[in-house]
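Here the structure is laid out as structure tokens; the discussion comes afterwards.
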Amino acid sequence: MKKVQLRIWRQRSQNDAGKFSEHNVDYEDDMSLLEVLDILAESLIKKGEEPFVYDFDCREGICGSCGLVINGVPHGPLKGTTTCQLHMRHFNGIASITLEPWRAAAFPLIRDLVVDRSAYDKIMSAGGYISVDTGGTPDANCLPISKTHADKAFDYAACIGCGACVAACKNSAAHLFVGAKLAQYAVLPQGQPERLRRVIAMTEKMDELGFGTCSNEGECEAVCPKEIKTEVIAMMNRDYIKAMLFGA
Ligand code: FES
């Protein structure tokens, strides 16, 4: 067993002043970070102390609910990896790990390490449905879509909406998320009828919900666990200009 100090952000609500609590815990390299948190939380409960609140669901890098700022970096030290897929061996025997929630006005804190990311759902909902009826699988397979475009759509659709891009951005911009969600439709024929209307609706909702603007720092791309590229932001901006010039 090895030892590490965990510094965990504790804050009862958005309006309370928060502070770090420090805990020395034992671990093995093959344990995931979340397993170490599980053991710590359980030991606090057994001692009659209040456990800290943290979020997760799939623990497979799919659902996007586990995001933490780990030693100052959203999702921690391993590129292209969610918090739940981090193992203690990835910290190389570091003495202390500091865990904080996403910090962005559009993601209000619920408690401790958990924030409310429902702003993302509101942006998706503003985007609306596509009007094209693709029919059943055989019909959809009859649509001529090049391999390049199919691959691109799949890459963009890999966004899990975790919020790391917002947490990493000094402006708390959601452009990488919104760009990915727009681009996954924009490269497919089914996405064309509402393409320009969708970009206006989603960017307006993003602004309304308090996300900042993009200043091309690229921090979002650097921390994205699905390695979404900032090319989606360029695509979003081009479509936005087209919609403004020619109407949605
Ligand atoms: S718990 Fe689902 S992505 Fe981490």
**Request:** Calculate one ³J(HN,Hα) per residue across region 72-81 by plugging θ = phi - 60° into the Karplus curve 6.51 cos²θ - 1.76 cosθ + 1.60, and present them in order as whole Hz with x for glycine and proline.
**Result:** x, 10, x, 6, x, x, 9, 4, x, 9
**Rounded to 10°, Cα long-axis angle of helix 118-127 versus longest principal axis of the chain** = 10
**Message:** Using only Cα atoms and rounding to the nearest 10 degrees, what angle (0 to 90) does helix 33-46 make with the longest principal axis of the chain?
**Reply:** 50
**Prompt:** Given charges of +1 on the Cβ of Lys and Arg and -1 on the Cβ of Asp and Glu, with all other atoms neutral, how large is the dipole of region 1-121 about its Cα centre, in debye to the nearest 20?
**Reply:** 380
**Message:** Given Cβ point charges of +1 (Lys, Arg) and -1 (Asp, Glu) and nothing else, what value in debye, to the nearest 20, does the dipole of region 118-246 about its Cα centre take?
**Reply:** 160
**For the chain, share of DSSP beta bridges that run antiparallel, in % to the nearest 5** = 75
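Between LEU78 and VAL132, what length in nm is gained on full extension when 0.36 nm per residue of separation is reduced by their alpha carbon distance?
Working: separation 54, 0.36 × 54 = 19.44 nm, distance 3.96 nm.
Gain on extension, LEU78 to VAL132, equals 15.5 nm.
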**Prompt:** Once the Cα atoms of the chain are picked out, what are the Rg and Dmax in Å?
**Reply:** 20.2, 65
**Request:** Can you tell me the alpha carbon radius of gyration of region 2-111 divided by the globular rule-of-thumb value 2.2 N^0.38 Å?
**Result:** 1.03
**Asked** With each label point set 7 Å from Cα along the Cα-Cβ vector, what nm distance links ASP139 and ARG197?
**Response** 2.0
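With a 10 Å Cβ neighbour count serving as the proxy for reagent exposure, in which order, fewest first, do CYS214, CYS159 appear?
Details: CYS214 20, CYS159 23.
Least crowded to most crowded, the residues run CYS214, CYS159.
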**Prompt:** Hey, which lysines would be in cross-link range of LYS229, C-alpha to C-alpha under 26 Å, not counting anything within fewer than 8 residues on its own chain?
**Reply:** LYS79, LYS122, LYS147, LYS152, LYS170, LYS181, LYS205, LYS242
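Count the net charge of all other residues whose Cβ sits under 14 Å from the Cβ of ASN216, scoring Lys and Arg as +1 and Asp and Glu as -1.
Values: positive: LYS170, LYS229; negative: GLU217, GLU219, GLU221, GLU231.
In short, -2.
Give me the net charge for the shell around ASP29: Cβ to Cβ below 13 angstrom, other residues only, Lys and Arg +1, Asp and Glu -1. Walk me through the numbers before you get to the answer.
Values: positive: LYS2, LYS3, ARG89; negative: ASP26, GLU28, ASP30, GLU35.
Net of charged neighbours comes to -1.
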**Modelled label reach - HIS90, point 7 Å along Cα→Cβ, region 47-64 residues with backbone N closer than 14 Å** = 59-64
**Message:** Can you list residues from other chains, or at least 5 along the same chain, whose modelled amide H is less than 5 Å from the amide H of ARG10?
**Reply:** LYS19, PHE20, SER21
**Request:** Give, rounded to the nearest 20 debye, the magnitude of the charge dipole that the chain has about its Cα centre when Lys and Arg contribute +1 at Cβ and Asp and Glu contribute -1 at Cβ.
**Result:** 480
**Request:** Please work out, to two decimal places, the log10 of the ratio I(q)/I(0) at q = 0.20 Å⁻¹ from a Debye calculation in which every Cα of region 118-246 carries one identical scatterer.
**Result:** -1.17
**Under the Karplus curve 6.51 cos²θ - 1.76 cosθ + 1.60, θ = phi - 60°, whole-Hz ³J(HN,Hα) for region 211-222, x wherever Gly or Pro sits** = 6, x, 9, 8, 10, 6, 7, x, 5, 4, 5, 5
**Prompt:** Along the Cα-to-Cβ line of ALA248, 7 Å from the Cα, sits a label point; which residues in region 194-218 have backbone N less than 13 Å from it?
**Reply:** 194-208
**Message:** What are the ³J(HN,Hα) couplings of region 194-210, residue after residue, when phi is run through the Karplus curve with 6.51, -1.76, 1.60 and θ = phi - 60°? Round to Hz, x for glycine and proline.
**Reply:** 9, 3, 6, 5, 5, 5, 5, 4, 6, 6, 5, 5, 4, 5, 4, 7, x
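Each reported figure results from applying straightforward, stated rules to the coordinates on display, with no laboratory input. Please read all numbers here as calculations on a predicted model, not as lab measurements. Positions of Cβ are backbone-derived with ideal geometry, glycine not excepted, and every protein chain shown enters the neighbour counts.
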